[in-house]
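Take a look at the structure set out below.
The values are calculated or read from the model by the stated rules, or taken from the named source; none is laboratory data. Source: prediction; values computed, not measured. Here the Cβ is made from the backbone with ideal geometry for all residues, glycine too, and neighbour counts use every protein chain on show. The accessibility values were calculated without ligands, DNA or RNA, using every heavy atom of the protein model including side chains. Shrake-Rupley method; radii C 1.70, N 1.55, O 1.52, S 1.80 Å.
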Amino acid sequence: VAAVGQSRLLRIYDDFFAVLHQPVAQVLLTRDDLMQRQHYINVHATFQELLALDVVPIVNENDTVAVDELKFGDNDTLSALVASLIEANWLFLLTDVDRLYSADPRQNPDAKPIITVEYDRLHNLDVDAGVGSQWGTGGMITKLTAARIASAAGVRTAITKGDAPERILQIMQGEPLGTQFAPQPRAVNARKRWIAYGMVPMGKLILDDGAVKAARAIGTVIAHELLD
């Protein structure tokens with residue numbers, strides 16, 4: 001079903017972009033493409049070449065071959081990883097609500113809208129994010145995760161309504177629409193971003209008490225290096 005759908009979806013994109021005489025290209029990714037360092041570098045080179053040729057990449061997960069344990073799982077995470085990879089200026093996460101709220105506004109009339117989120121507040125943002133979008137594969141939790149990934153790369157992120165595409169230009173022009181996330185003031189370098197977000201923990205480790213103590217000490221050092 002995914003294999004059939006991919007060709008039809010790209011045809012729709014190609015038809016729309018053809019009106020603007022804008023060539024497009026399909027890029028299908030699996031998590032494994034971003035986990036292995038050489039594959040990650042190859043993907044980066046592909047995007048750079050497409051953009052240099054003035055071709056718009058249409059990116060999707062390669063659902064025809066992706067296995068459950070190595071899936072991105074949602075397009076929010078995929079889009080944030082791609083935005084980080086190419087060091088985009090903006091990441092727009094389009095959904096069926098106008099912005100992020102302190103709770104689900106469809107169930108809680110006292111929910112407060114969140115207009116802007118500074119970087120130092122992003123990792124401690126306290127919202128009821130468990131309700132999914134009607135159309136997307138992820139809910140607000142995945143969008144917050146995506147904003148954190150993008151912010152670490154210095155990418156500005158906005159959550160806004162997908163049925164009001166004119167808002168994208170308005171947000172880029174400085175209007176306070178949707179929920180906008182400020183990027184980290186000094187972006188984490190590309191290799192550290194790959195280690196932090198591109199890789200997926202797999203397998204099991206059984207440690208004795210001494211190994212646990214050593215692993216915690218090493219983990220603390222690595223965490224400080226990533227933050228620096």
*If L53 satisfies every condition in (1) open to solvent by 70 Å² or more (accessible area, probe 1.4 Å); (2) of a type in the set (A, V, I, L, M, F, W, C); (3) closer than 22 Å to V155 by Cα but one, which is the exception?*
(3)
*Mind checking which residues of segment 141-172 are under 17 Å from the mean Cα position of the chain (by Cα) and not in a helix (DSSP H, G or I)?*
A153, G154, V155, R156, T157, A158, I159, T160, K161, G162
*Quick one: V43 ticks every box in (1) of a type outside the set (D, E, K, R); (2) without any contact (Cβ under 8 Å) to a residue 12 or more places away in the chain; (3) under 16 Å from S84 (Cα atoms) except a single one, so which number is it?*
(2)
*Can we say R31 is loosely packed, with under 14 Cβ neighbours inside 10 Å and either of a type in the set (D, E, K, R) or touching a helix residue (DSSP H, G or I) at 6+ places or on another chain (Cβ under 6 Å) (or both)?*
no
*Looking for whichever is at pLDDT below 85 and under 25 Å from A164 (Cα atoms) here; the options are D98, D63, D68. Which one fits?*
D98
*Can you name the residue in segment 93-112 that is part of a loop (DSSP other than H, G, I, E, B) and aliphatic (A, V, I, L, M) and is also farthest from I141 (Cα to Cα) among such residues?*
A111
*Enumeration of residues in segment 1-52 that are in contact with a Ser or Thr (Cβ under 8 Å, 6 or more places away or on another chain) and part of a helix (DSSP H, G or I)*: A2, A3, Q6
